[in-house]
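What follows is a set of notes on a single structure, which appears directly below.
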Ligand code: ASP
């Protein structure tokens, strides 16, 4: 007997996407399956679907962004939404308006989806309680960046098949990284083995409770890894000195050919961008045959289309 397969969007029954925390493996997989379809749409000459036709999407960015904001914009437009970008530089937040006032003002314009980036962890959750539309977290402080983890998983899955049982090494500034937190939760939910590698000053307290193996030596941590995920040294989030010097950091924790040779043959290298070449990654590796960095950008648009589409099904009249 033929089993009826639920549509991926039907499996994701949430109003907001605020984080990976709390999502079930099947919900994550449903979003990734939907994103595969979005990859196909994005590779066609006519890159359009109509699932968000008539809907309004506002991208509200309190922190600067190039790829995340532009890919949310493209994703919304490919799905037919009216997309408005609002960045803090041109907003009245500069004039002293609070986050909540801004949100309530925008809410009065009846958007259907708000995509929000904010420098404070938890700000996006707070905002989601005050507005009537769907909210997507596009990065809140050092807390979560769910669409980054989803696009990373999509990229990995397209190259290595099921994520279950892969060994993924996340390297560098774990302490300040929302990308690391979201990835740790997603990869654990899908059954990967997750390692975190970094200097002890950049490993957060309680990291061991997140179900990861911890290393302070790159060569030991990279041994037999299938995926090497590098992180940017987030100097804008550091108060005080966490690394003696950039030169020394590269020497011990920068990914170069010699350190990469400890990973499995054919291991793949990722970086969420923006990259500091010569700080956390050698240019030859970033541009080399094992790098998936450019593909991650393409997958970013597809994953954001999938998330928008899934949430759109749950909007009133969706
Ligand atoms: N673009 C990513 C983020 O917004 C990574 C980074 O900035 O280093 O968190």
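Here, each number is a calculation from the coordinates, and none is a lab measurement. Just so you know, these numbers come straight off a predicted model, no measurement behind them. For neighbour counting, all protein chains shown are included, and Cβ atoms are generated from backbone atoms with ideal geometry for every residue, glycine included.
Post the alpha-carbon centroid distance, segment 279-318 to segment 131-168, in whole angstrom. Cα centroid of segment 279-318 versus Cα centroid of segment 131-168: 8 Å apart. Between the beta carbons of residue 13 and residue 317, assuming R0 = 25 Å, the FRET efficiency works out to 0.95 to the nearest 0.05.
Distance between the 7 Å Cα→Cβ label points at residue 82 and residue 258: 5.9 nm. In terms of surrounding Cβ atoms within a 10 Å radius of their Cβ, 163, 170 rank from fewest to most as 163, 170. Fully extending the segment from residue 214 to residue 245 would add 8.9 nm, taking 0.36 nm per residue of separation and subtracting the current Cα-Cα distance. Each Cα pair under 8 Å and six or more residues apart adds its separation to the average, and for segment 240-318 the resulting relative contact order is 29 percent.
Quick one: helix 178-189 against the long Cα principal axis of the chain, what's the angle to the nearest 10°, folded into 0 to 90? Taking the Cα atoms of the chain, the angle to 178-189 is about 90 degrees.
Using Cα pairs closer than 8 Å and at least 6 residues apart in sequence, work out the relative contact order for the chain, in percent. 21 percent. Contact order, relative form, for segment 154-227: 37 percent (alpha carbon pairs under 8 Å, 6 or more residues apart, mean separation divided by residue count).
If you take every DSSP beta bridge whose two residues both sit in the chain, what share of them, in percent to the nearest 5, is antiparallel? Spell out each step's value before the answer.
Working: 1 of 36 bridges.
Percentage antiparallel, nearest 5: 5.
Can you sort 247, 304 by how many other beta carbons sit within 10 Å, fewest first?
So the ranking, lowest neighbour count to highest, is 247, 304.
Quick one: if the Förster radius is 45 Å, what FRET efficiency do residue 294 and residue 108 give, using the C-beta to C-beta distance and rounding to 0.05? Efficiency computed from Cβ-Cβ geometry: 0.65.
Quick one: helix 146-160 against the long Cα principal axis of the chain, what's the angle to the nearest 10°, folded into 0 to 90? Compared with the principal axis, the helix lies near 60 degrees. Axis angle, to the nearest 10 degrees, between helix 67-78 and the longest C-alpha principal axis of the chain: 40 degrees.
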